[in-house]
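Structure first, then comments.
The values are calculated or read from the model by the stated rules, or taken from the named source; none is laboratory data. Everything quoted here is computed from the prediction, not taken from an experiment. Quick reminder, even Gly has a Cβ in these numbers, built from the backbone with ideal geometry, and neighbours come from all protein chains shown.
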Amino acid sequence: MQQLYDYWQSTCISSHFGISYDGHGYDPLDIWQYVELWDGSGANCCPESGTSPFFANRGGNANVYTISVEVCTPNTNNQGLMTAKQEEALIYLIRWTCEQLGIPAQHYTEWWNDYETSHDWIHPWDGGIGMHRCVSPHNKRMCPGDPYYQGQMDRIIAAVRSGTIPSGGNEYVDNIHDKEGWLKRRWEAFYQRCNQTFGGNASIPRMNTGICEAWKEQMLKGNDLGAVMSEEWQFDDKMFQDFTASQGYYDLITHDIRFTWPQ
């Protein structure tokens, strides 16, 4: 999952979620969330010729109206099936996302994609559940590959519709709600911004400070102070830190921490 995160950072694209691989001695299965549900990711892009009726109707950049999941396997040509635990995790993740956003799971649609009859579980107007190959049937035909597309996905959809949470599914809840991970990635947005400005020489500001802890509390309350834009700096009896949407300061005498928003 860290490698996938690093890859997303290097390419400036991302999926919303990633599901790790649990075979051949790899770490226990995990779900990481890279992008919040209310933000667009960068994994799907634009519908091609032969796309699903839903994407043909919506048009534009599919990243702004889709939620994407990347499932990691060692099979580089997308021909391998997911493991049983990965399948269970994906069922849980689809159900959780559909519940959060009111996405329907009961639809089924067939269409001609320029070379064969294809199908997904997306209503032409109301949305649903599909695959990357539904958006881009030519460029991303193997995303996912045929074994997954022709059998495993049918089984997954049936399980999603059954309304039962897979055994062990609850173990993924804390991973999906990874607040610390989300905050750390938000904090590290500074590095991405400053790397472009300073030619790759910027360092990520420390997170073991009082201002950072106060920033975390405000962000989790829904008060978006923005990404950090500087390391702490001192002026008189206060320590200051700049953010894209505010400025925080720590009073060295009273020990108060406050944030100010530009008018």
Checklist outcome for this item: Here the residues within segment 210-263 that are more than 27 Å from the chain's Cα centre (by Cα) and of a type in the set (Ser, Thr, Tyr) are Tyr249, Tyr250, Thr254, Thr260
Checklist entry - In segment 89-137, which strands (runs of 3 or more DSSP E) lie fully inside it and hold 3 or more residues that are at pLDDT below 95 and not aliphatic (A, V, I, L, M)? => result 117-123
Checklist outcome for this item: Taking segment 2-26 and keeping residues of a type in the set (Gly, Ala, Ser), at pLDDT 85 or above and more than 18 Å from Glu87 (Cβ to Cβ) leaves Ser14
Checklist entry - Of everything in segment 62-88 that's modelled with pLDDT of 90 or more, touching a helix residue (DSSP H, G or I) at 6+ places or on another chain (Cβ under 8 Å) and of a type in the set (S, T, N, Q), which residue is nearest to Cys143 (Cα to Cα)? => result Ser68
Item to check | Within segment 46-98, considering residues that are touching a Lys or Arg at 6+ places or on another chain (Cβ under 8 Å) and closer than 21 Å to Phe17 by Cβ, the one surrounded by the fewest Cβ atoms within 10 Å (Cβ to Cβ) | outcome: Tyr65
Next on the checklist: Just the residues that are outside any helix (DSSP H, G or I), without any contact (Cβ under 8 Å) to a residue 40 or more places away in the chain and of a type in the set (A, V, I, L, M, F, W, C), please, taken from segment 210-263.
Outcome noted: Leu225, Met229, Trp233, Phe235, Met239, Phe240, Phe243, Ala245, Leu252, Ile253, Trp261
